[in-house]
Amino acid sequence: MTLVHAIILAIIEGLTEFLPISSTAHMKIVDFLVGIPETPFRNLYEIVIQLAAILSVVVLFWRKFLDFKNIKFYIKLVIAVIPALVFGALLKKHIDNVLSNLTFIACIMIAGGIILLFVDKWFTKNTIDSEEKIDYFTSLKIGLFQVLSILFPGLSRSASTIIGGMSLGLTKKEAAEFSFFLAVPTMLAASAKSTLDVIQEGSVSFATPEIIALAVGCIVSFVVALFAVKSFIEIIQKFGFRSFGIYRIIIGSVILLLLLFNH
């Protein structure tokens, strides 16, 4: 993997991890178009830049994450992440099979995009506008919505939790922020599991080019994620989710056309 490849992956990770457009789908698109070879180092690299993206959320919302007196906040995140941990473990074979099916992922991208076209009209009277107003049972239900992104790769973890939160009465802003909060334990757990998988697969070499790629990738992923998260809140408050829906439909359709002509 070249340094250019590393930067491309880091930009995509930073941009897509917290937006409702599916980082999984975009990574698969890069695999298809650029042909970055899958190696133990590349697998580890994607884990590391994911952790860098997570750090951006912790930095942006540091008051929330470091308020150790607010125990209820941590309990809500633990409750919400449990369904993903359970179903992720139970459905590992299903996940592995579906992740290799780019046609399925493209179709889910389009379906999710169609849903986002109408989300703003469906939920216009939501009143839960702060994390403190979210009870434990609501946290669990948002966690169950997150499972949909496990069952249907390409749906987007962010999209499923945001739409789920809004269907439960959360405002756009609060649904997005809680989705960001929930991403931290979810992605930490996923990264830990992926790290173990990489270790079991074989050794990873760390020559100078690899170390440089990791350092540059972490910086790029972190900075891009910072801007993506901050911009996303502003965009949905001003313009809603329609633009993200249109984008998903376009990208999903392009993937299907590329697959069709590739055959």
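FYI, it's all coordinate maths here, none of it is from the lab. Worth saying up front: this structure is predicted, and the values here are computed from it rather than measured. Heads up, the Cβs are rebuilt from the backbone with ideal geometry, glycines too, and the neighbour counts pull from every protein chain shown.
Would you pick out the residues in region 42-60 that are surrounded by fewer than 17 Cβ atoms within 10 Å (Cβ to Cβ) and more than 14 Å from Ser191 (Cα to Cα)?
Correct list: Val58, Val59.
Could you look through region 96-151, keep only residues that are among the hydroxyl-bearing types (Ser, Thr, Tyr) and over 21 Å from the mean Cα position of the chain (by Cα), and pick out the one that is nearest to Leu77 (Cα to Cα)?
Tyr136
Pairs please, first residue from region 215-238 and within 13 Å of Ala53 (Cα to Cα), second anywhere and outside any helix (DSSP H, G or I) and of a type in the set (Ser, Thr, Tyr), Cβ atoms under 9 Å, 6+ apart in sequence or on different chains.
As it stands, the answer is none, since no pair meets every condition given.
Pick from Ile128, Ile150, Ile110: which is free of Cβ contacts under 8 Å to residues at least 60 places away in the same chain, of a type in the set (A, V, I, L, M) and crowded, with 18+ Cβ neighbours inside 10 Å?
Ile128
Considering (1) over 20 Å from Lys172 (Cα atoms); (2) of a type in the set (D, E, K, R); (3) crowded, with 18+ Cβ neighbours inside 10 Å, say which one Asp67 fails and leave the rest.
(3)
Taking region 1-39 as the search range and keeping residues that are charged (D, E, K, R), assigned to a helix (DSSP H, G or I) and in contact with an Asp or Glu (Cβ under 9 Å, 6 or more places away or on another chain), which one is surrounded by the most Cβ atoms within 10 Å (Cβ to Cβ)?
Glu13
Could you tell me which residue of region 40-91 is farthest from Phe178 (Cα to Cα), considering only residues that are among the aliphatic types (A, V, I, L, M) and not in a helix (DSSP H, G or I)?
Step by step, filter region 40-91, then rank; the result is Leu91.
Could you please give the count of residues in region 236-252 that are surrounded by 15 or more Cβ atoms within 10 Å (Cβ to Cβ) and either out of contact with any Asp or Glu (no Cβ under 7 Å at 6 or more places or on another chain) or not in a helix (DSSP H, G or I) (or both)?
Count: 10.
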